[in-house]
Amino acid sequence: MDEPNGASSISSPSPVEIDRYFDSSERLPGEIVSTELSRSLENALNLHPSNSVTNENTTHPGPKCHVNISDEKQKVLSRIATIKHDGTVLLDFLDNEDATIHFEDDYTQAPYLERIGTVDFQHRPPMQIVILIVGTRGDVQPFLAIAKRLKELRHRVRLATHANFEQFVLDAGVEFYPLGGDPKVLAEYMVKNKGFLPSHPSEVQNQRNQIKDIVFSMHSACTKRDPVTGAPFKVDAIIANPPAYGHEHVAEALNVPLHVFFTMPWTPTGEFAHPLSRIKHPPGAAGYKLSYYVVDLMIWLGIRDIINDFRKTDLKLESIGFNTVSENALNTPHGYIWSPSLVPKPKDWGPKVDVVGFCFLDLASNYTPPEELVKWLEAGEKPIYFGFGSLPVEEPEKLTETIVEALEARGQRGIINKGWGGLGKLERPRDFVYLLDNVPHDWLFLQCKAVVHHGGAGTTAAGLKAAVLSLSLSHTHTDTHVRMHAACTPTNTAELS
């Protein structure tokens with residue numbers, strides 16, 4: 001992501017004017033700040049608080065409210081937003097008028113009832129909760145930590161994700177249900193496009209097929225029997241990440257509460273731009289907020305027919321009009337999985353949006369390293385770790401060669417995690433290089449002097465927790481907001497030497 005430097009040369013509207021453009025939870029009464037995951041879940045999933053106070057003075061988009069995009073505004077959006085070759089959205093705010101479109105004129109307002117009080121989440125009756133997660137292993141892992149915590153509180157939890165992660169989920173003692181879509185295809189797409197938006201016409205249909213498979217598996221994940229035991233399942237609450245896409249529609253159809261968690265910001269703020277956007281001309285707070293709206297709209301325009309088909313044929317809901325986007329997200333509680341010490345909660349995020357901290361899954365305590373690895377570690381000084389998680393690597397042989405040459409030139413030892421990227425194909429064995437497939441980061445990083453990685457939120461968090469030097473190589477824009485605050489230096493794989 002291209003980060004703006006210096007003050008904006010464009011005159012921005014006042015904070016009062018900005019808030020009119022985005023009628024969201026940041027204007028709810030009272031600033032309730034919580035960085036504890038359990039409290040965030042309590043607020044989101046509490047269906048019937050015993051001592052609640054209802055505030056009826058706030059006007060807010062209701063569950064079925066949508067934003068109508070006029071032809072004039074579509075023309076403005078087409079001028080300021082361009083999908084680039086890397087799949088991100090380049091925003092060029094040509095003048096103040098473009099950066100301050102009056103979207104509030106198109107909101108259909110409905111009274112919103114905000115519950116202030118809640119019951120103790122740890123003592124509410126057990127619920128059946130489904131967690132809908134789309135992505136790579138790094139996306140799944142923090143939600144396994146959430147699932148295990150919910151199980152400790154006596155709730156039944158089903159984690160629905162890609163079939164590739166079935167054993168990973170079951171080994172953690174959590175029920176599994178398969179979602180559609182292939183995470184390897186998704187990961188390759190993300191590396192090529194650095195975002196969720198297809199950058200070339202040839203990629204559009206392939207990605208749409210992936211999304212359709214994912215979306216049309218959501219309803220079954222919330223209602224069907226356990227595929228192994230045959231035990232019936234009726235969901236009481238849904239947790240999801242944004243790339244699940246169909247989660248809010250299933251929650252609407254089943255009339256159950258929804259809580260969204262994610263490792264990168266998806267809620268509009270005036271403090272920084274959407275992670276899938278690049279700002280050509282610094283627009284100030286109004287433009288930053290608008291970047292979230294533009295990215296969300298452009299994703300929506302690419303999948304609206306899939307969503308409408310899903311709503312009509314599977315959920316028996318009304319379709320969303322051709323020029324509308326759902327405003328449900330502004331009413332949905334969001335929790336962001338990063339440390340507030342790295343990226344504090346923006347001041348314009350209200351009580352329904354929280355930064356809950358990293359969610360660590362304890363894998364080290366039950367891990368027994370292979371004897372060969374232990375002997376190699378004991379044979380010399382601490383190594384440098386190289387790994388790129390589930391993300392494929394362009395030219396893996398060349399990158400492996402570069403890593404080996406850099407280690408040899410500096411007299412260092414290194415561990416290369418082959419992952420999905422195809423790293424580690426050596427022409428001949430090197431005693432200063434150890435190749436591995438999958439070792440828990442919470443154990444491995446304690447054995448290393450430094451870690452070089454792809455900048456994923458989970459790997460960044462593990463490096464910080466282990467208190468080791470961390471170097472992030474830029475593959476995507478998705479975790480720039482975390483990396484720029486963390487104790488690591490973003491660079492590019494081409495610059496590794």
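The values are calculated or read from the model by the stated rules, or taken from the named source; none is laboratory data. Predicted, not measured: the structure shown is a model, and the values here were computed from it. Don't worry about glycine lacking a Cβ; one is built from the backbone with ideal geometry, like all the others, and counts go over all protein chains shown.
Structure data summary
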| item | result |
| --- | --- |
| Only one of Leu373, Leu444 that is in a helix (DSSP H, G or I), in contact (Cβ under 8 Å) with a residue 40 or more places away in the chain and surrounded by fewer than 19 Cβ atoms within 10 Å (Cβ to Cβ) | Leu373 |
| Counted residues, the stretch 411-441 - those being surrounded by fewer than 20 Cβ atoms within 10 Å (Cβ to Cβ), in a loop (DSSP other than H, G, I, E, B) and at pLDDT 85 or above | 6 |
| Single match in Leu377, Leu407 (criterion: within 26 Å of Gly138 (Cα to Cα) and among the aliphatic types (A, V, I, L, M)) | Leu377 |
| Residues of the stretch 349-380 classified as of a type in the set (D, E, K, R) and modelled with pLDDT under 95, total | 2 |
| Any chance Thr332 is modelled with pLDDT under 95, outside the structural domain of Ala466 (by the TED database), crowded, with 16+ Cβ neighbours inside 10 Å and closer than 22 Å to Phe143 by Cα | yes |
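A quick yes/no check of all residues on (1) within 30 Å of Cys222 (Cα to Cα); (2) assigned to a helix (DSSP H, G or I):
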{"site": "Ile307", "(1), (2)": "yes, yes"}
{"site": "Trp338", "(1), (2)": "yes, no"}
{"site": "Pro369", "(1), (2)": "no, no"}
{"site": "Glu381", "(1), (2)": "no, no"}
